[in-house]
Amino acid sequence: LGLESVYHFINPKSGFNLKVSSGQSVYLSWSLTNREPNRDNFVDTPQGGKLPRHETLQDFEAGWSYKSEKVALAVNGYGMFYHNQLALTGQINDVGAPVMVNVKKSHRVGVELQWGIKVFSNLNWDANLTLSRNRIQGFTEYVDDWDSGEQQAFDLGTTPLSFSPALISNSQLTWKKKQFAISLLSSASGKQFIDNTGSGDRILEPYAVHNLKLDYSVKTRLFKSLTMHLMVNNLLNAEYDTNAWVYSYSLGGIRYKMDGYFPQAGRQFMVGLEIKL
C-alpha cells in the first residue's frame, strides 16, 4: 500500500485537577490522538485513487464539579478539532461502494452538564445535557450524474456533521420505598442530518422517549435477594427514527434522491427476575 499506510504515532495527554474546597474541584486537559484508517477504507479506495490518510484529533477540555450530601453538579466544556477526519462525501468507487474521504478540517465544540439531586429522602433525580456545534469546514459534495456517468462536485462550505445532534439529554427520576422502586428514564435528541450536506430534506426529526421501570425486591431463606423487574419501553408510544440512509443523483438536469429510515419499536414490555445466591 505504500508509505501512506505506515504509521508512527505519539498520542500525548496532559492536564491538572485542582481541589478548590472540600466539595469543589476544577480541571483542564489537552490531548492529541491519531487514528489509522480501517481495512474497509483501503479496500474501498478506487484503483489508482488517493489512499486515505490517518486522522488527527486535538481535544481541549475544562470543567468544574461540586458535590454535597444532596447535590452533585458538573460542567465540562470541550473543543475537538480534527485534521483529515474520514467522512462520506458522496464519492463512490468502480463497484458503486461509498468511499470515506479525508476532510481537512472539522470540529465538535460544546458543553456538557451533569447533575444529581436528592429531591426528597426517597426521590432522586440524575440527568445530563449536552449542547454542541459540530461542523465540517470546506465540504465538497459529489453527486452521480446519470446522464454522463460521471460525478458532479458541489462546494458547500461549512456544513453540519452527520448524525451529530446539537442537543442530547438523559434523565432518570427514581422513587424508592423499602423493597419497591420506580424509575422514569427519559432521553431526547435534537435534529440530526443523515449526510454531511446540511440539506433540510435529509434529517432525522428531534425526538424524546420515556421508559418506565418497576423493581420489587424480597429476601428469602433460599436466596440473598429476589428482584422482579417490569420495564415499559417507549411509554408514550412515540414514533421516531434513529438512523437513515440517502443516495442523491442527477438525471436530465434534475436532482433526485432515494432514502430510507429505520423506525423504532413502539410501546413494549419486558419482565425479568434477578436472583442473588
Open item on the list: Could you derive backbone 3J(HN,Hα) for the stretch 22-32 from the dihedral phi with the Karplus parameters 6.51, -1.76 and 1.60 (θ = phi - 60°), listing whole Hz in sequence and x where the residue is Gly or Pro?
Closed with: 4, x, 10, 8, 10, 8, 8, 8, 9, 9, 10
TODO: Run a plain Debye calculation on the chain (Cα atoms as equal point scatterers, no solvent) and give log10 I(q)/I(0) at q = 0.14, 0.17 Å⁻¹, rounded to two decimals, same order as the q list.
DONE: -1.16, -1.33
Task: Projected label distance in nm at LYS67 and ILE254, using a 7 Å step from Cα toward the beta-carbon - done: 6.2 nm
Open item on the list: Quick check on the stretch 175-277: take the gyration tensor over C-alpha atoms, sort the square-rooted eigenvalues as a ≥ b ≥ c, and tell me if it's rounded (a/c under 1.5), prolate or oblate.
Closed with: prolate
Open item on the list: Translational diffusion coefficient of the stretch 123-185 at 10 °C, 1.306 mPa s, Stokes-Einstein with Kirkwood Rh over Cα pairs, in µm²/s as a whole number.
Closed with: 99 µm²/s
Task: the stretch 151-184: trypsin sites (Lys or Arg not before Pro) in DSSP loop, at most 10 other beta carbons within 10 Å - done: LYS178
- [ ] Residues in the stretch 222-251, backbone N under 20 Å from the label point at LYS178 (7 Å along the Cα-to-beta-carbon vector): list them, ranges by number please.
- [x] 222-230
- [ ] Report, in whole Å, the centroid distance computed from the Cα atoms of the stretch 140-182 and the stretch 27-61.
- [x] 20 Å
Open item on the list: Between TYR216 and VAL26, how high is the FRET efficiency from 1/(1 + (r/R0)^6) when r is the Cβ-Cβ distance and R₀ = 45 Å? Nearest 0.05.
Closed with: 0.60
TODO: Straight distance only, please: which lysines reach the Cα of LYS104 with their own Cα at less than 24 Å, same-chain residues fewer than 8 apart left out?
DONE: LYS13, LYS50
- [ ] Step through the residues of the stretch 46-57 one at a time and calculate ³J(HN,Hα) from phi using the Karplus curve (6.51 cos²θ - 1.76 cosθ + 1.60, θ = phi - 60°), rounding each to whole Hz and writing x for Gly and Pro.
- [x] x, 4, x, x, 6, 5, x, 9, 6, 8, 10, 10
Task: Overall Cα dimensions of the stretch 1-117, principal axis frame, Å, largest first - done: 62, 28, 20
Open item on the list: Counting only helical runs of four or more DSSP H residues, what would the 222 nm mean residue ellipticity of the chain come to if each run contributes -39,500 (n - 2.57) and the total is spread over all its residues?
Closed with: -500 deg cm²/dmol
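No value in this document is a laboratory result; all are computed from the given coordinates. Treat the numbers as computed from the prediction; the structure is a model and nothing was measured. Here the Cβ is made from the backbone with ideal geometry for all residues, glycine too, and neighbour counts use every protein chain on show.
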